[in-house]
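Chemist: Below are the structure tokens for one structure; questions will follow.
The values are calculated or read from the model by the stated rules, or taken from the named source; none is laboratory data. The shown structure was predicted, so the numbers you read here are calculated from the model rather than taken from an experiment. Counting neighbours? That spans all protein chains shown, and the Cβs are built from the backbone with ideal geometry, glycine included. For the accessible areas, the whole protein counts, side chains as well, though only heavy atoms, and no ligand, DNA or RNA atoms are used. Shrake-Rupley method; radii C 1.70, N 1.55, O 1.52, S 1.80 Å.
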Amino acid sequence: AKAALDKAEHAQKDVNAYITLDRQGALKRAAEIDAAGIDADNIFSGIPLAVKDNIVTKGLRTTAASHILDNFVPIYDAAVMEKLNKLGLVVIGKTNMDEFAMGGSTETSFFGKTANAWDHTKVPGGSSGGSAAAVASGLIPFALGSDTGGSIRQPAAFNGIVGLKPTYGRVSRWGLIAFGSSLDQIGPLTRTVKDNARVLSVIAGKDPRDTTSEDSPVPDFLANIEGGVKGLRVGVPKEYFAKGIDDDVKATIKKAIAKFEELGAVVDEVSLPHSRYGIAAYYILASSEASSNLQRFDGIRYGYSARQEGQTLEDLYVKTRSEGFGPEVKRRIMLGTFALSAGFYDAYFKKAAQVRTLIVSDFTKVFQDHDLILGPTTTSTAFDLGSEDDDPVKMYMNDLLTIPVNLAGLPGMSINAGFANHLPVGLQIIGRPFDESTIYRAAYAFE
Ligand code: GLN
């Protein structure tokens, strides 16, 4: 824990992976674990951990990278934190992210930008950019992130590490600051596939406090991880190699898929015809859910408050939210409120929900005779810091290949497929619902 803190503090100036580092708390906790004695059967005992700052940690400031929560110290632990703490992991800090997880570059944070681990002039991706940069920079063995439209897989791809978005319902969202509740999942960012499986084994499972968490049994994700890919049926969607995806990304991914064939997988081309509508549907649905979820930040119950003598309640709400939220969050709240409003609901929210159903059925069809879907995670490698942060639509287009997976609730992983122009390229592996095991098996065979 001490080494991880030293490294993290040293790297803050260049990487800025963390919003909060908890030297005092972490060293105290580590000392307690030392005093209790090493449990030889528990590989997690005393291992340092970094946590995305939208996952609440008891007694440790949790900001969601927003001014509106910059003084918020939770009084409880998220469900995933309870599980990890019980095993003796030591949280050393909270990682930087896009404000309320809205973004794809960690540039909307109230706490400054984070740098890509491989090139400090590039974005680390987002919204879990701090977690990905910390792991890829060797600052921490693993970190937690959250993924609503790609926020674990895209930064994992941009930093050349392993990131998994579990099946919707696999991991409890209790204590995850909600963005789009029907899409959000917490998942691990790690350097190796096996580490990723180890962490998922701990955080997965039914939690009565999250009614959308599933009662599906949690397998031992390591049990069959060395089983290889011989005979696995792999579909490669033609839409994932269409216009808009960089040639060097396509070339790197094609090479990776050829390696799967060499390893014995049976690969053929498939189609996900509605995936091109994913971005449009997602930005309606996710923003609608966000506009509702973010109503609770009102200057009364949590965090920042613009309270003033002689103010009306309405004034308090407006001033707090005007000053507390950044521009991207405001944009989403306005978009979502509009899409849900009477007179526009049928044209936008309802349409988007219908498109979502079509995207689900595209995947269901492919998974009738395929075990996995492979393709790129992102349309490009990491872009320059500051190059897209004033063009929201351009930023949204980056999520083309990750969003359909969230809309369908499927598990999806990004692992490093190789490099293009010295920057990592992510291979995306998509599985059937609750079949993370097959994803891990394929990823391990490739790694
Ligand atoms: N980039 C997407 C967005 O801005 C996804 C974010 C996420 O997965 N949290 O909404």
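Chemist: Residue by residue through region 176-196, note down the ones that are touching a helix residue (DSSP H, G or I) at 6+ places or on another chain (Cβ under 6 Å) and within 16 Å of the ligand (Cβ to nearest atom).
Modeler: Correct list: A178, F179, G180, S181, L183, I186, P188, L189.
Chemist: Name every residue in region 310-331 that is open to solvent by 60 Å² or more (accessible area, probe 1.4 Å) and charged (D, E, K, R), in order of residue number.
Modeler: E314, D315, K319, E323, K330, R331
Chemist: Can you find, within region 265-308, the residue that is most open to solvent (accessible area, probe 1.4 Å) among those that are under 23 Å from I439 (Cβ atoms) and charged (D, E, K, R)?
Modeler: Among them, the one singled out is E269.
Chemist: Could you tell me which of the residues T63, T57 is within 16 Å of the ligand (Cβ to nearest atom) and among the hydroxyl-bearing types (S, T, Y)?
Modeler: Within the list T63, T57, the selection yields T63.
Chemist: Residues to consider are T357, T337, T312; find the one that is in contact (Cβ under 8 Å) with a residue 12 or more places away in the chain and among the β-branched types (V, I, T).
Modeler: On inspection, the qualifying residue turns out to be T337.
Chemist: Within region 159-175, can you find the residues that are over 18 Å from A223 (Cβ atoms), of a type in the set (A, V, I, L, M) and within 16 Å of the ligand (Cβ to nearest atom)?
Modeler: Answer for region 159-175, where residues must be over 18 Å from A223 (Cβ atoms), of a type in the set (A, V, I, L, M) and within 16 Å of the ligand (Cβ to nearest atom): just V171.
Chemist: Can I ask one more? Would you pick out the residues in region 89-115 that are under 18 Å from A156 (Cβ atoms) and more than 16 Å from the ligand (Cβ to nearest atom)?
Modeler: Within region 89-115, A115 is the sole residue that qualifies.
Chemist: May I ask you to list the residues in region 231-263 that are closer than 21 Å to P433 by Cα and exposed (fewer than 13 other Cβ atoms within 10 Å of the Cβ)?
Modeler: Scanning region 231-263 gives a single hit, G231.
Chemist: While we're on this one: Regarding region 103-112, can at least one residue be identified that is surrounded by 16 or more Cβ atoms within 10 Å (Cβ to Cβ), at pLDDT 95 or above and among the hydrophobic types (A, V, I, L, M, F, W, C)?
Modeler: Yes, because at least one residue in region 103-112 is surrounded by 16 or more Cβ atoms within 10 Å (Cβ to Cβ), at pLDDT 95 or above and among the hydrophobic types (A, V, I, L, M, F, W, C).
Chemist: Does V90 satisfy the criteria of being over 30 Å from M395 (Cα atoms), crowded, with 19+ Cβ neighbours inside 10 Å and among the hydrophobic types (A, V, I, L, M, F, W, C)?
Modeler: yes
Chemist: Additional query: Can you run down the residue pairs with Cβ atoms below 7 Å, 6 or more apart or on separate chains, where the first is in region 145-158 and within 6 Å of the ligand (Cβ to nearest atom) and the partner is of a type in the set (F, W, Y) and at pLDDT 95 or above?
Modeler: Matching pairs, first to second residue: T148/F179; G149/Y282.
Chemist: Anything in region 391-424 that is away from the ligand (no atom under 15 Å from the Cβ) and either over 30 Å from G326 (Cβ atoms) or open to solvent by 20 Å² or more (accessible area, probe 1.4 Å) (or both)? List them, or say none.
Modeler: The answer is I415, N416, A417, G418, F419, A420, N421, H422.
Chemist: Let me ask you something else. Restricting attention to region 26-37, which residues are under 17 Å from A3 (Cβ atoms) and either modelled with pLDDT under 95 or in contact with an Asp or Glu (Cβ under 7 Å, 6 or more places away or on another chain) (or both)?
Modeler: Those that are under 17 Å from A3 (Cβ atoms) and either modelled with pLDDT under 95 or in contact with an Asp or Glu (Cβ under 7 Å, 6 or more places away or on another chain) (or both): I33, D34.
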